[in-house]
Amino acid sequence: MRLQRHKMGVEDFELLTIIGRGAFGEVRLCRAKATGEVYAMKKLKKSEMLSRGQVEHVRAERNLLAEVDSHCIVKLQYSFQDSEYLYLIMEYLPGGDMMTLLMRKDTLTEDEARFYVAQSILAIQSIHKHNYIHRDIKPDNLLLDKNGHMKLSDFGLCKPLDCSALSTLHEHEPSTDEEFREPMPMDIEGGRLQPSTRGQPYRSQQEQLQHWQRNRRMLAYSTVGTPDYIAPEVLLKKGYGMECDWWSLGAIMFEMLVGYPPFYSDDPMNTCRKIVNWRTYLKFPDEAKLTPEAKDLICRLLCDVDHRLGCRGGDDIKAHPWFRGVPWDKLYDMEAAYKPEVNGELDTQNFEKFDEVNSQPHASRSGPWRKMLTSKDANFVGYTYKNSDVFKGMMNSPIAELKKKPQPKRPSIVSLFDNTNTGAVSNSEESGGTHMDVSTGQTLHPHYVNPKVADNMF
């Protein structure tokens, strides 16, 4: 019962190597002190979330991870917070990400690309079935486990769709076509106007690949990021639905087979203009030897929403001839197209190396501070989550078994005269839900917040 009521905190983990850093925080390897299990800890600074208007996004990320149980999605084990940070404790996938794989191999064969595009379709379908849009599908967010199987991660931009309304999101302050249709320098070639190459010289496929790889890692960790995988309807902010994720997958497939995204430019704004004007700029380099089926699938993903494959669901994409013969039900049981080198559970060789930032350690204040809610803290009430499967593992761990052994202590009145509640813990353990109130041990819906224990929930 003590484990069941224990409120998780950063002090319950041994902090290890940093494997990722972004605009809002970092991801590092960690080890649970109670069980010895290795996880990935995502740490987000509350003040940054508030100042950049990311509260709803971080809530949606936590809710999606708690709600969607799929072998295609990175599993959430715990979420909790202290006075300064939000924490997500997730399974660690040591195989790295698709971005790193593409930088190592330049391009994939069509068989390799088919395997990972197929697994990506299953992952995207799994979140769409729960009425979420990912909105940030890109190689950086496609992680590989130790066997080379792909899982989707990083749901910081995901959006829930209201089932009672139209399945379309509308952003504030919509952009206009003109914003991305500014006149571009033009040259006359063969009697026809062509986009000028002045300021961005013509590059062969190999030169474009090298230029892209030089800039790719820097873009991945910038606060702005890269727009290369964003659908035109998202850029124009005129309303969009789940179809935007399929556009992103089409851009990734192009990059897998060609070596760089279809609308890459030195200038991110120019990339946005190319995406909006995709009819002009979607071209396959002559050096890239793609099959007609591969080109057709890419073109049917990188097109207008109304004609885009996937607008009626992912099954339409799975039925495309390029996937002929794919065993959809066995993709995660078969040998992966690529097996990363992984030497032990703490191996981080497939991730970028990051320096530790010398910052003053803050007091986690995991106790009485909960009774004194500030406006900052109140924004994140109900953030806590504990995966019940992990809890059962904690109860069965060697450390927990030691704690279960009887210890000499003074008997209480209850222990002397009342033996009727001896099965309480085991009954709680056997509850079938996946969401557990860490204050009471009862199984809850992932979005539920008990008002009586709200101040203990985060």
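The one condition from (1) assigned to a helix (DSSP H, G or I); (2) farther than 21 Å from S120 by Cα that G250 does not meet is (2).
Each residue in segment 112-161 was checked for being part of a loop (DSSP other than H, G, I, E, B) and not polar (S, T, N, Q), and 17 pass. Note on segment 300-331: residues that are hydrophobic (A, V, I, L, M, F, W, C) and either exposed (fewer than 12 other Cβ atoms within 10 Å of the Cβ) or more than 22 Å from I230 (Cβ to Cβ) (or both) amount to 6.
The set of residues from segment 298-318 being hydrophobic (A, V, I, L, M, F, W, C) and either without any contact (Cβ under 8 Å) to a residue 12 or more places away in the chain or closer than 24 Å to S265 by Cβ (or both) comprises I298, C299, L301, L302, C303, V305. Restricting segment 245-294 to residues that are under 23 Å from I317 (Cβ atoms) and of a type in the set (S, T, N, Q), the residue that is surrounded by the fewest Cβ atoms within 10 Å (Cβ to Cβ) is T291.
Scanning segment 76-90 for residues that are farther than 18 Å from G22 by Cα and surrounded by fewer than 19 Cβ atoms within 10 Å (Cβ to Cβ) returns a single hit, S83.
Could you look through segment 99-148, keep only residues that are β-branched (V, I, T) and surrounded by fewer than 18 Cβ atoms within 10 Å (Cβ to Cβ), and pick out the one that is farthest from A337 (Cα to Cα)?
The qualifying residue farthest from A337 (Cα to Cα) is T107.
From the list K318, K339, the one residue that fits, being within 26 Å of I275 (Cβ to Cβ) and basic (K, R), is K318.
Looking at segment 9-55, which of its residues are assigned to a strand (DSSP E or B), over 16 Å from the mean Cα position of the chain (by Cα) and of a type in the set (K, R)? Across segment 9-55, the qualifying residues are R31, K45.
Rundown of residues vs (1) touching a strand residue (DSSP E or B) at 6+ places or on another chain (Cβ under 8 Å); (2) closer than 18 Å to L152 by Cα; (3) not assigned by TED's automatic domain parsing to the domain that holds H134, yes/no style:
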{"site": "L16", "(1), (2), (3)": "yes, no, yes"}
{"site": "G20", "(1), (2), (3)": "yes, yes, yes"}
{"site": "R28", "(1), (2), (3)": "yes, yes, yes"}
{"site": "L50", "(1), (2), (3)": "no, no, yes"}
{"site": "A60", "(1), (2), (3)": "yes, yes, yes"}
{"site": "L64", "(1), (2), (3)": "yes, yes, yes"}
{"site": "Q77", "(1), (2), (3)": "yes, yes, yes"}
{"site": "D82", "(1), (2), (3)": "no, no, yes"}
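Scan segment 98-111 and give yes if some residue there is in a loop (DSSP other than H, G, I, E, B), assigned by TED's automatic domain parsing to the domain that holds I252 and among the hydroxyl-bearing types (S, T, Y), otherwise no. So far as segment 98-111 goes, yes, one or more of its residues are in a loop (DSSP other than H, G, I, E, B), assigned by TED's automatic domain parsing to the domain that holds I252 and among the hydroxyl-bearing types (S, T, Y).
The values are calculated or read from the model by the stated rules, or taken from the named source; none is laboratory data. What you see is a predicted model; the values in this text were computed from it and never measured. Ideal geometry is used to build each Cβ from the backbone, glycine not excepted, and the neighbour counts take in all protein chains shown.
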